[in-house]
Structure formats: structure tokens, C-alpha cells
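Engineer: Provided herewith is a single structure, encoded as C-alpha cells, for subsequent inquiry.
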Amino acid sequence: MSGDSVANLSNGNAREKKEIFRIEKKIATTNRMIEQMELAMKTKEDRLNGEQGDWYLNASLFLPFQELISLYLWDNQIAGWVENKECLSNLETLYLSANNITKVVASGGPTNLSVLHLYNITTYGSSFQTLLQSLGAFPNLTTLGLGYNDLRRRVLGDDDSSKLGALPSLKNLSLHGLSGAVPFQAFLNLKNLELLDLSYNTLNSSNIFQTIGTMTSLKILNLSSCSLNGQLPTSQGFINLKNLELLDLSYNTLNSSNIFQTIGTMTSLKTLRLQAFLNLKNLELLDLSGSTLNCSSIFQTIGTMTSLKTLRLANCSLNGQLPTGLCDLNHLQELDMYDNDLSGFLPPCLANLTSLQQLHLSYNHLKIPLSLSPLYNLSKLKYFDGSDNEIYTEEDDHNLSPKFQLESLYLSGCGQGAGAFPKFLYHHFNLQFLGISNIQIKGEFPSWLIENNTYLQDLSLTNCSLSGPFLLPRSSHVHLSMLSISMNNFQGQIPAEIGAYFPRLQVLMIADNGFDGIIPSSLGSMSSLRLLDLSDNGFDGSIPSSLGSMSSLQLLDLSNNFLTGRTLSNNSLQGHILGWIGNMSSLEFLDVSRNNLSGPLPPRFGASSKLKHVYLSRNKFQGPIVMEFHHSSGIMAMDLSYNNLTGRIPEWIGGLSDLRFLLLSHNNLEGEIPIQLCRLEQLTLIDLSHNYLSGNILSWTISTHPFQDDYNYQESFEFTMKNVRLIYKGSIIQYFTGIDFSCNNFTGEIPPEIGNLSKIKVLNLSHNSLIGPIPQAFSRLKEIESLDLSYNKLEGEIPPQLTGLYSLAAFSVAHNNLSGKTPARVAQFATFEENCYKDNTFLCGEPLPKTCGPDMPPSPAPSSTNNEDNGGFMDMQIFYVSFGVAYIMVLLVIGAVLYINPYWRRAWFHFIEVSITNC
């Protein structure tokens, strides 16, 4: 505590019965003995007489602590002091935030007080005036915090302003996050102020700049998020802040043409956060990321800032070539210009930036040589990112060794032609991160790269046309945590000892190559492995059971191989999935779809509480959907479609609060939809089609919020849209929303609340027994692309408002009992042909051949004698008689057979006897 004595009364109340005092040992200093103590007043559940409210602190409580220096009393509902204030004469730091303070000390108080925090105090009207007046009793106050207070309905007079302005030692003043008008007049006389924080206020008055201009000692000024707009005033003293070192104008709307003129006179400025600068010779850090800089003179101005060490111009809409003016910044250590539209070659003058350590140029259209020859002279360069540019191979590749020793290198692009592996990498020994992708490179796997760089952590060589076998280094590499060589032409077998050579590997991705042979069992010894992707290769044999011991594994993808036995997705596995998968307690992504698995759902798939993605589709699973996933409440995607599951949809699915995708189509499920499913607020896609579900369709809530944070690049689903069943994969699934209840036995009317799903893309209710009209509320489905209501018993007219669905590409109401005129042939409805409306007897108008006339009969009313609608299709009396006769005939035949054949008779009686005994 550096000699400070601290008293802490957090979350207490003086009216409580129990006070707990804890005094820590004394600490000797060179000049005096300071008691270090902590005073805690604990909150008690049973309040005295049930009363609570504001109270006045009796300072005599602190009589034993004459040397007390720091006192923390936040959040105690304290209204002020009573008695013996002079006992705290040595107090230097006082925290009274989150109280109801109306008056601190009028006289006889701690005159040595230097730090006072009064954040978020709930005083109103004259109480706040009294509080400000009492601050004059602290002549040594250097730091005052009044932020997060409500100044509404408070009027400050000249007397109050003079009291606050009479703090001659005040250097740090925080007024951030105030509600109401900031009392600028109260601070006019604060000539010694060095730090002023006015952030998160609404400052739309010119008074603010006039007042700040008088504070000529200011070094730090924070005006971020203050709703400032227009121009900075140059005639109100604002340009007199010669000592200002840090100016934060971020998150405002200021006119850049005036900022240069105003800020340019602040010659001591070292840190500036906004696009405002000029003649800043001492500026060391300039961050304009996210600004719109389309002025060519900006780089000429930056070139004059010869003290710059860090320059960040990311995402600034810059275009053209890299400006040569940057080459004059000899002290520059970090240059970030990623995510712009820069083009052309790297200027040779970049070699002048001899102090440069980090260069980030990714996401541009620059032409960067694979050899990085323009950067060879930058001896201090440690980090270079040239991803997503045009990487090309020079005709005369350099044999010279660069002066730099990179620690991080990232290159990717769409360059044409093929070159050898960069020669300069043969001379590198300090690499920690290397990522090269989408570049055509000749050669085999560079095992020498791993051998030379013993501290290499991440190695990614994706889509580089590398070929040959996968070669291990000559010795174990304990630092490598990620190895990605997917989408190449590697062949042969994975070395059996791979687990021993990379014992701390966390990510292994070798998908989309030509590897064959068996999967090495040594992979199971990689206890830190979190992601294993061996998909799209030629592996055969069985999955080693050692994989079951990988308790840290989160994603497992073995799809598109030739595995047998315990095989996963897109292979030829038959039979049950063995229980070792349930041992993977960290598993988040599980895909065993498109196999020939049978039997009940695997008994231990739900053992992992971290499971988020479950894909079991296109197998032969049977039986009910058991509660194996009940404990995995974090599941986001569940695909059990295309199986032989039976029974009802379990209610516990409604407890999966994070569920976004639920696909149960093409099974034998029956019964009604549990109402709990309608309460899944995160659900974006539900497919219950091709089952035997019945009952009414419920009102649904479909989430429309994208979920980038939870997106998994391997996530996919199969869904019918516009009459075509496709597999959707990639970023599109973040925005895909749909409902498919087709091919079931649903009855009743369509709930009009479905019209509130304004962001839904697909709605398919076809092939059911729905009745009633098409809800007019469907006209609010403004983003729907596919709407299928065919093969039902819908009645009434088609709402003409549906023509306002301008995104609709597939529409069908065929095979219903609709009547009246078809919607006008406008917008999207001009593209729908006769088959979209056919088999509606009383429907007329284009594109149907039947024209609408004045004598058209009205729509038929539902017949109460319709046997089919009443659930019958024959005379029930005849049915009962015929059934009884058939039953009697069967009994007579069985009796005759047993009478004629004594062997069958003895067997029958033995069976009856055994059955009775077992019961």
C-alpha cells in the first residue's frame, strides 16, 4: 500500500448492528509510523426495524486512527459528517462516490486532503450547491472526481463558481458522463489544471472552448464522445494550449479542413486521437484508423512529423500507390496501412525506414515480391503482413541474405505463375508465426523450416500447390502449436511418429490432400489437440481408439475418406458408434452425418456439456429422441434429419436456449409440436418436414440476429428452398432463416402471428390439412424468398397485398379450395405461372385459363357432411360388422388347426403354460 493507511467501508450502513474492525500491523517509514488498517462494515440481511436510508457518519469512529491517510466510503448512503471532523487531520485520499453527500466538511476538517472522489452522488437542487461551496475548505486538493452526476435542475450562482474556482492546487478534474449542463463558469479560475476529462458529455455550446482556452497549463484534454461537430474555434483561446501533450477528440464529428489550423499550434502534442494534425514535430503516435482520408496532402503533412514512431492508417479508404512521403519518417517503428485500396509496387525508398519493426499492408491490391527484396535493408523488421495482395515471383530471385530476422510473416494473394519456396527463409532462425496461402509454390514440405526455427509456434501453408510426402523434422519440436497444410498435393502416409514429434500441437489441419494409409494412433497422445481435420483424403482402415483419450478435442472432422469400422462423416461405417466418442469432454463440433449408422441414438453423445454442433443426419438411427443431449444446454445446431426416428418431439429440446438450427425432417415422428419449442428465442431455422406430426401450427418466434461470434466455418445444413434441396455452408448460414413444416398432418388455420416474422426467407406449410384463409399478415414478410402453401384445404381469396413481397422468387398455393381473382401480374407475381395456382376450382384470372366474370359463383362453404373432413371414408356400421365376422372366422380356423394336428396342439399349450409361469 506504499505507506498509505486505508479504511474501507464498502457496502455498509451505520444503523446496522454489526461493525467489524480489522487492524493490520504497523509499517515503519523513515520519518513517521503509519498505521495500515482496513475498516470493513459488512452488510447484514436483517436491517434494524426494517429501516434504511441516508445517515450521517460520526467521525469519532476514527479517533484511534490518527495517522489515517486513505479512506474509502463508497456506496454507503452517507449524507455527510457529524462531530469530530478534526480527528482526520492527516487524511489525504477520500472516496465518497455513490453516496447521497450534501456537504463534505465546512470547517475543522482534513485540510491535507489531496484526492476527493464524488462520482455518482445523488444530490439535487440546493444540496449540490452546498456541496460545491464546502469544497473550498480543501486548499491542497489536487484531484477531484465529479463524474457520472446528475446536474439537471441544479442552478449554480456566481458565489458557487467562485468557491470551486478557489482551489489553487487542483490539477486533475474529471467531469465525464454528466447529465445536464456542465457548469463551465465554476471552473474559469482553475489556472493550474493539467488534466481535464469531459468525455461522454453533450457539449454543443461554444462556451466550452472559451473556458478551456483559459486553462493554459493543460497537458491532457479528453473530449471524446462529446457530440462535437463543425469546426474547432480558433478565436476563443482554444489554440493557446501550448502545453497540451494528449488530445482525444475521438468519436466526434469535426470538420477536418479546420482541425489542421486549430491543432497545428499545439507544438507540445505527443498523442493525438483523431484526424487532426499539422506541424506536430514532437508527435510520436498518430492513429487515424477508420477515418475517411481522400486528401492527397495528408501524406505531405505526415511527412513533416519527423518524430513519429507509430502511424496507423488502417481502413482509411486510401487508394493509389504507397506515398513516398512516408519514407522520410526515419524514426518510424510501426506502420499499419491494412484494409485500404492501395495498389502498385512497394516503393524502393521504404529501405530508408531503418527503424521500422512492424509493417502491416494486408487487404490491399499491392504487388509484393515473394522474395520481399524491397525490405532487405530493414534490419530491425520483425513483423510483416502482406496478406491478400498480389504476390509475384521475380525473374531474378535474390541470393542475398536480408538484414532482418522476421518473427512473424504472413503472405497470401492471387499471384500468377509458380515459384520456388522463398530463399530468404533459409536464413531465418527466429520465426514464430509463418502463414503463406493461396500462392503457387513449387516444392515439397519444408521440414527444414521447422528444424531451423526452434521457437516456431504457428505454421500455415494452405493452398500452395506443395507436393510430395509429409516429412517430419529430425527432432521433436515442442513449441509448435498449429500446423495447417490443407489444400495442397501432398501424398503418401502420415508418419506414425507424428504425435511424438509435435507433442504440444493444438491445431492439425491436413484436409484436401492425397494422403492415404491408416490414421496414426500416435495422434491420441497429443493431449493438447483442440482441432483435428483430416477430411478429403484417402485414409483407410479403422479409426484408432486412442483418439478417445483426446479430452481437449473440440472439433473432429474425418469426412470424405475410405475409413471402416469406427468411421465418421461421409464414409462407409455400418453399425453402432462406439462409446469412446463420449470421452471427449471438450468436444464442441460433432459430425457423423451421411453414413450407414443404425440402432438407437448413440448413448454418450450428450456427455460433453460443451457440445454446440451435432450432425447425425442421413443415417439409419431408430427409436425415440432420448434425453442424451439434455445436459448440453449450449447446443446451437442439431441435425437428426433423414433417419428412422420415432415417437414424439421431446419437450426438453425447448430448454436448449442457444439452439439456432433444428432439423428433424424425414423421420417417423408423430404427435403435436411441444409448445416449449416456440420459446426458443435464438432459433433461426426449423425443419420438421416429412414426418407424421399433427395438431395445430403454433405461433413462432424466429431470431433474425447474425451470430458472427459463434460461427463455425465447418457448419452446414441441408434445406429446401425454392423447391430445390441444397446444402448451405459458410457465412450465409449466419443470416438464413426459415420454417419447413411440409408433408405432415397439421390441421387448423394458419396463425396470423407468423406474419410478424418479417426477416424470414423460407416458409413451407405444404402437404398438410390446413384450413381457413391465407393471413393478410403475410404481406409483412418483406424478405421472404420462398412461400409454399400448396396441397392444403385453404379457403377464401389470395390477399392482393402479397404483390408487395418484392423478394419472393418461389410461390405456390396449388391444390387448395381458394376462390376469387389471382393477384395482379405485377412485380414478382408477374413471374408465377399456372402451376402455382392450379387445382383451385373457384380461382380465376391470369395466368389461369379461367377468366373472372360478373356471374362467378361464390366460394363454396365447407360441407358439414363431408366424410373425409370428418375423419371418415366409409360407413362405420358396415365396418364394425365386417370386422366382427372376420375376427370370429380367424378364431375358428385356429381352433380347427389345433384340433386336427396334435403336435401343434401340444406346442400351443406348452407356450401358454410358459407364458403364465413367466408372468
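The values are calculated or read from the model by the stated rules, or taken from the named source; none is laboratory data. In this text, all values refer to a predicted model and were calculated from it rather than measured experimentally. We place every Cβ from the backbone using ideal geometry, glycine too, and count neighbours over all the protein chains shown.
Engineer: Identify the single condition in (1) surrounded by 18 or more Cβ atoms within 10 Å (Cβ to Cβ); (2) part of a strand (DSSP E or B); (3) out of contact with any His (no Cβ under 8 Å at 6 or more places or on another chain); (4) not hydrophobic (A, V, I, L, M, F, W, C) that residue 385 does not satisfy, given that it satisfies every other one.
Structural biologist: Condition (3) is where residue 385 drops out.
Engineer: Now for a different question. Residue 137: modelled with pLDDT of 70 or more and more than 50 Å from the chain's Cα centre (by Cα), yes or no?
Structural biologist: Numbers: modelled with pLDDT of 70 or more: yes; more than 50 Å from the chain's Cα centre (by Cα): yes.
Judged against the criteria, residue 137 is a match.
Engineer: Here is a further query. Would you call residue 356 in contact with a Lys or Arg (Cβ under 7 Å, 6 or more places away or on another chain) and either part of a loop (DSSP other than H, G, I, E, B) or at positive phi (or both)?
Structural biologist: For residue 356, the condition - in contact with a Lys or Arg (Cβ under 7 Å, 6 or more places away or on another chain) and either part of a loop (DSSP other than H, G, I, E, B) or at positive phi (or both) - is met.
Engineer: Here is a follow-up. Keeping to the range 524-542, report how many residues are closer than 25 Å to residue 437 by Cβ and over 31 Å from the mean Cα position of the chain (by Cα). Before the answer, list the steps.
Structural biologist: Initial filter on the range 524-542 (closer than 25 Å to residue 437 by Cβ): 526, 528-539.
Those still in the list that are over 31 Å from the mean Cα position of the chain (by Cα) too: 537-539.
Here the count works out to 3.
Engineer: For the range 400-423, name all the residues that are more than 16 Å from residue 380 (Cβ to Cβ), over 31 Å from the mean Cα position of the chain (by Cα) and surrounded by 17 or more Cβ atoms within 10 Å (Cβ to Cβ).
Structural biologist: Residues of the range 400-423 that are more than 16 Å from residue 380 (Cβ to Cβ), as a first pass: 400, 410-423.
Then drop every residue that is not over 31 Å from the mean Cα position of the chain (by Cα), which leaves 400, 415-423.
Matches in the range 400-423: 415, 419, 421, 422.
Engineer: Among (1) surrounded by fewer than 17 Cβ atoms within 10 Å (Cβ to Cβ); (2) among the polar types (S, T, N, Q); (3) within 38 Å of the chain's Cα centre (by Cα), where does residue 315 come up short?
Structural biologist: The number of the failed condition is (1).
Engineer: In the range 290-300, what residues are out of contact with any Leu (no Cβ under 7 Å at 6 or more places or on another chain) and modelled with pLDDT of 70 or more? Explain how you work it out, then say what you get.
Structural biologist: Taking the range 290-300 as the starting set, the residues that turn out to be out of contact with any Leu (no Cβ under 7 Å at 6 or more places or on another chain) are 290-292, 294-298, 300.
If the condition is that a residue be out of contact with any Leu (no Cβ under 7 Å at 6 or more places or on another chain) and modelled with pLDDT of 70 or more, then 290 is the only one that fits.
Engineer: Go through the range 657-677 and give me each residue that's surrounded by 16 or more Cβ atoms within 10 Å (Cβ to Cβ) and out of contact with any His (no Cβ under 9 Å at 6 or more places or on another chain).
Structural biologist: Taking the range 657-677 as the starting set, the residues that turn out to be surrounded by 16 or more Cβ atoms within 10 Å (Cβ to Cβ) are 658-667, 669, 673-674, 677.
Once the filter is applied, which keeps residues that are surrounded by 16 or more Cβ atoms within 10 Å (Cβ to Cβ) and out of contact with any His (no Cβ under 9 Å at 6 or more places or on another chain), the range 657-677 yields 658, 659, 660, 662, 663, 664, 669, 673, 674, 677.
Engineer: Picking from 625, 673, 686, which residue would you name as being part of a loop (DSSP other than H, G, I, E, B), modelled with pLDDT of 90 or more and under 30 Å from residue 748 (Cβ atoms)?
Structural biologist: Being part of a loop (DSSP other than H, G, I, E, B), modelled with pLDDT of 90 or more and under 30 Å from residue 748 (Cβ atoms) holds for just one of 625, 673, 686, which is 673.
Engineer: Also, quick follow-up: Let me confirm something: among 830, 824, which residue is touching a helix residue (DSSP H, G or I) at 6+ places or on another chain (Cβ under 6 Å), more than 28 Å from residue 686 (Cα to Cα) and modelled with pLDDT of 90 or more?
Structural biologist: On the way: 830 fails: touching a helix residue (DSSP H, G or I) at 6+ places or on another chain (Cβ under 6 Å).
It is 824.
Engineer: Picking from 439, 391, which residue would you name as being assigned to a strand (DSSP E or B), at pLDDT 85 or above and buried (at least 16 other Cβ atoms within 10 Å of the Cβ)?
Structural biologist: On the way: 439 fails: assigned to a strand (DSSP E or B).
Exactly one residue qualifies, and that residue is 391.
Engineer: Name the residue that is nearest to residue 304 (Cα to Cα), counting only residues in the range 316-346 that are at pLDDT below 90 and part of a loop (DSSP other than H, G, I, E, B).
Structural biologist: 329
Engineer: Hey, another quick one. Checking the condition of a type outside the set (Phe, Trp, Tyr), closer than 21 Å to residue 135 by Cα, modelled with pLDDT under 85 and part of a loop (DSSP other than H, G, I, E, B), which residue from 156, 203 passes?
Structural biologist: Result: 156 is the single residue among 156, 203 that is of a type outside the set (Phe, Trp, Tyr), closer than 21 Å to residue 135 by Cα, modelled with pLDDT under 85 and part of a loop (DSSP other than H, G, I, E, B).
Engineer: Return the total of residues in the range 801-848 being among the polar types (S, T, N, Q), touching a Leu at 6+ places or on another chain (Cβ under 8 Å) and surrounded by fewer than 14 Cβ atoms within 10 Å (Cβ to Cβ).
Structural biologist: Our first condition is that a residue be among the polar types (S, T, N, Q); within the range 801-848, this holds for 801, 803, 807, 812, 816-817, 819, 822, 828, 831, 835, 840-841.
Keeping just the survivors that are touching a Leu at 6+ places or on another chain (Cβ under 8 Å) gives 812, 816-817, 819, 822, 828, 840.
Subsequent filtering for residues that are surrounded by fewer than 14 Cβ atoms within 10 Å (Cβ to Cβ) retains none.
Residues that pass the stated criteria total 0.
Engineer: Within the range 517-537, which residues are surrounded by fewer than 16 Cβ atoms within 10 Å (Cβ to Cβ) and touching a Phe, Trp or Tyr at 6+ places or on another chain (Cβ under 9 Å)?
Structural biologist: 517, 518
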